[in-house]
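Visitor: Right, I'll just put the structure down here and ask away after.
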Amino acid sequence: MPDGSGIMSEETNDGDVELEARLAEQEAFDPPESFVEQANVTDEGIYEEFEENWPECWERAADLLSWEEEYDAVLNDEDAPFYEWFTDGKLNASYNCLDRHVENGAKNRAAIKWEGEKGETRTYTYGDLLNEVEAFAASLRDLGVEEDDVVTLYLPMIPELPIAMLACARIGAPHSVVFAGFSADALATRMNAAESEYLVTCDGYYRRGDALNHKEKADKGLRSVEHDVTSVVVDRLGEELTHFLGNDARDYDDLVAEHEGASVDPVSRDAEDMLFLMYTSGTTGEPKGVKHTTGGYLAYTTWTSHAVLDLKPEDTYWCSADIGWITGHSYIVYGPLALGTTTVMYEGTPDYPERDRLWEIIEKNRVDVFYTAPTAIRAFMKWGSQYPEEHDLSSLRLLGTVGEPINPRAWKWYYKHIGGEACPIVDTWWQTETGGMMITTLPAINTMKPGSAGPPLPGVSANVVDAAGEEVEAGEAGYVTVDKPWPGMLRTLYNNDDRFIEEYWTEYSDEDADEWVYFPEDGAKIDDDGYITILGRVDDVINVSGHRLGTMEIESAIVGVSGVAEAAVVGGDHDVKGEAVYAYVILEDEQEPSEDMRDRIVAAVEDAIGPIARPEEVLFTPELPKTRSGKIMRRLLEDIASGNDLGDTSTLRNPEIVEEIAEGIETES
Ligand code: ATP
Ligand code: MG
């Protein structure tokens, strides 16, 4: 077996070896018949139907919601690219996620199943959730929150976070969730930018068994907020960290108890009214305040949850992302709850108390559909298949990934060890700005090709173009563009229409001809079947002696080497070549760095791309610097490779690793 065949060497049993060999070779996978038989969307004609009926096709998404007043037009493009969807329609997101299910007899169905890190659990039925949302909505009103006031939610993965989101939605107050792992500064920047006068936070939460003091961080952040803020504090830790309330901070439990039984009518919101504000993760620079609306966003996330995640009301579904990230907004809270599904929430990390925690949660809750990130899958792979093997994962029907390209080897590991070769995988490309999924296979319809996200969804007009905007030939690298609007799209960057145009609508649009093309800033390739393979961000292109190389492609070649768990490739300054390829490599647990391993990595890159992509250095490291949402901070790795000053690393999940890597480089060279 040649190197790069991957998973094969881990197995001992002969039957398994054969199976692994077959899997390693296989490039296309069809959805299993058992899945197709029960799927929500099975008619291949949907692509044509959407194309012929565009934009009216999007009524299909709107039809999944309950509207208080029907919309007049599906799309209004008069002021493009400030598009409007479902104009003059009226609805309320909290009504759609709660009341209508209770009215339809689902009062006792579980809405949220919460797993605390330390093993406690809480289940909220749709009835319970509605009651608590109403009580907290009444509390917010009492504190002075009015329609259109931005409420900042600086909360970890506890049920009070979705409750607060839905309470805001109920009274028409847009929420702005700030990821709990972010620093005090990040909180202050976002509160100032949004001029947000209300904050809901908590005393603390658990990480790997330790109680973290969150309140201290929130207080520190508040000291840098330029205006008065009214705060509410959730008591998560009880005795462990007696939370203290600031001068005017209110206790969440007291407020909810005071307002128990309150009835708060859902405020009638215009389809175009802001549902929430979400700052992007900032992987590439200053975070952007993305504005999402009530009608278009909710219709889009509900539709994609139905068509791509195949969710049904009787399903138990789990997305392991954090709600502080767009994935959690769209696919833990709004999409699944609008469909009346049971959504699982987990407070902690995947390796606490043991590395089988996620599989234990899936087994215990009989999870039907599981959605996670490639970075997590690569960690599971690194830990080994013995952890999922200890658990009965047969309840799973469908798997999904989001956040980064998934390399074929990790895809196949996920397919085999988690899905038992019986679950389709949807590799969903989308962004904070797109609101919901854009490029992915439909699980019952399309063949899956590991490593390639798939075709654009029906009704989504995504292309791969060259620098001049012409569609590229199959196999050539170009840039993703979207030349028609879609309901889930961002409407603007908060208080910054100019930056909205500049960031997304300048590169490929022809303003004079009123032709607007959205530019997501991702590189991609397209094949003969119209499948799009994302190559990474436009910034992640390395220029070696005039040759443009995609970092993702090189990384994919490296992680194809048996024994390699994860890799990050960046360009570092080079006297002769301009830029040179630096590869940071994490090995699987039982592997040791060696010359032989280094040679195999270099050979794999040369085989896959060519000698031009040959890494200048291969650096073995135990971890990579990651953002809180799990993305590799390539900017930092570039600075390390180029010997630059490292600057602020405080928004990283693991800031200490940066020093360690930098020292490693110095000793090697
Ligand atoms: P910022 O825009 O602030 O720099 P960010 O782009 O990391 O941060 P997100 O909106 O969370 O913030 O991430 C979207 C990006 O993630 C996409 O543009 C793409 O680069 C990557 N991505 C998401 N899903 C996939 C996928 N399935 N395949 C490949 N890449 C993906
Ligand atoms: Mg981005």
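The values are calculated or read from the model by the stated rules, or taken from the named source; none is laboratory data. Being a predicted model, the structure only gives us computed values, none of them experimental. Neighbour counts run over all protein chains shown; Cβ positions are idealised from the backbone, glycine included. Areas reflect the complete protein model, heavy atoms only, side chains present, ligands, DNA and RNA absent. Shrake-Rupley method; radii C 1.70, N 1.55, O 1.52, S 1.80 Å.
Visitor: Alpha carbon centre of segment 125-185 versus segment 383-401: separation in Å?
Guide: 33 Å
Visitor: Tell me the label-point distance for the pair D483, D528, using the 7 Å Cα-to-Cβ offset, in nm and rounded to one decimal.
Guide: The two pseudo-label positions are separated by 2.4 nm.
Visitor: Okay, next question. For a 30 Å ceiling on Cα separation, which of these pairs sit above it: K220/K626; K217/K382; K484/K626? If you can, show how the numbers build up before the last one.
Guide: Values: K220/K626 24 Å; K217/K382 33 Å; K484/K626 33 Å.
Pairs exceeding 30 Å: K217/K382; K484/K626.
Visitor: Find how much the distance from D251 to V576 grows on full extension, using 0.36 nm per residue of separation minus their present alpha carbon separation; answer in nm with one decimal.
Guide: 110.8 nm
Visitor: With a 1.4 Å probe and every protein chain kept in, tell me what percent of the accessible surface of the chain is carbon plus sulfur. The partial results should precede the final answer.
Guide: On the way: 10230 of 25250 Å².
About 40 percent, which is the carbon plus sulfur part of the accessible surface.
Visitor: Using only the alpha-carbon atoms, how far is helix 214-223 inclined from the longest principal axis of the chain? Give it as 0 to 90 degrees, nearest 10.
Guide: It is inclined by approximately 80 degrees.
Visitor: Normalised radius of gyration for segment 399-469, please: alpha carbon Rg relative to 2.2 N^0.38 Å, two decimal places.
Guide: Values: Rg = 13.0 Å, N = 71, 2.2 N^0.38 = 11.1 Å.
Its radius of gyration relative to the 2.2 N^0.38 Å reference: 1.17.
Visitor: Relative to the present Cα-Cα distance, how much length would full extension add between E592 and N644 at 0.36 nm per residue of separation? Before the final figure, lay out each step's value.
Guide: Numbers: separation 52, 0.36 × 52 = 18.72 nm, distance 2.89 nm.
Gain on extension, E592 to N644, equals 15.8 nm.
Visitor: Please give me, ordered by residue number, the trypsin sites (Lys or Arg not before Pro) of segment 166-269 that lie in loop per DSSP and have at most 12 other Cβ atoms within 10 Å.
Guide: R208
Visitor: Evaluate the chain: find the radius of gyration of its Cα atoms, find its Kirkwood radius, and give the ratio Rg to Rh. Please list the in-between numbers first.
Guide: On the way: Rg = 24.2 Å, Rh = 25.6 Å.
Radius of gyration relative to Kirkwood radius: 0.95.
Visitor: Sticking with this structure for a sec: Percent relative contact order of the chain, based on C-alpha pairs within less than 8 angstrom and at least six residues apart? Walk me through the numbers before you get to the answer.
Guide: On the way: 1443 pairs, mean separation 87.7, N = 669.
Reported relative contact order: 13 percent.
Visitor: Counting DSSP beta bridges in the chain, what percent are antiparallel, to the nearest 5? Before the final figure, lay out the partial values.
Guide: Numbers: 57 of 94 bridges.
Around 60 percent of the beta bridges assigned by DSSP in the chain are antiparallel ones.
Visitor: How large is the dipole of segment 99-248 about the Cα centre if only Lys and Arg carry +1 and Asp and Glu carry -1, each at its Cβ, rounded to the nearest 20 debye?
Guide: Working: 16 positive and 27 negative charges, 132 e Å.
Its charge dipole is roughly 640 debye.
Visitor: Are there GluC sites (Glu not before Pro) in segment 510-578 that DSSP marks as loop and that have at most 14 other Cβ atoms within 10 Å, and which are they?
Guide: Answer in residue order: E511.
Visitor: Could you estimate the translational diffusion coefficient of segment 502-621 from the Stokes-Einstein equation, with Rh from the Kirkwood formula over C-alpha pairs, at 10 °C and 1.306 mPa s, in whole µm²/s? Mind showing how you got there, number by number?
Guide: Details: Rh = 16.0 Å.
Diffusion coefficient, whole number: 100 µm²/s.
Visitor: Report the calculated FRET efficiency for Q38 and E421 (r = Cβ-Cβ distance, R0 = 25 Å), to the nearest 0.05.
Guide: Details: r = 18 Å, r/R0 = 0.70.
Calculated value: 0.90.
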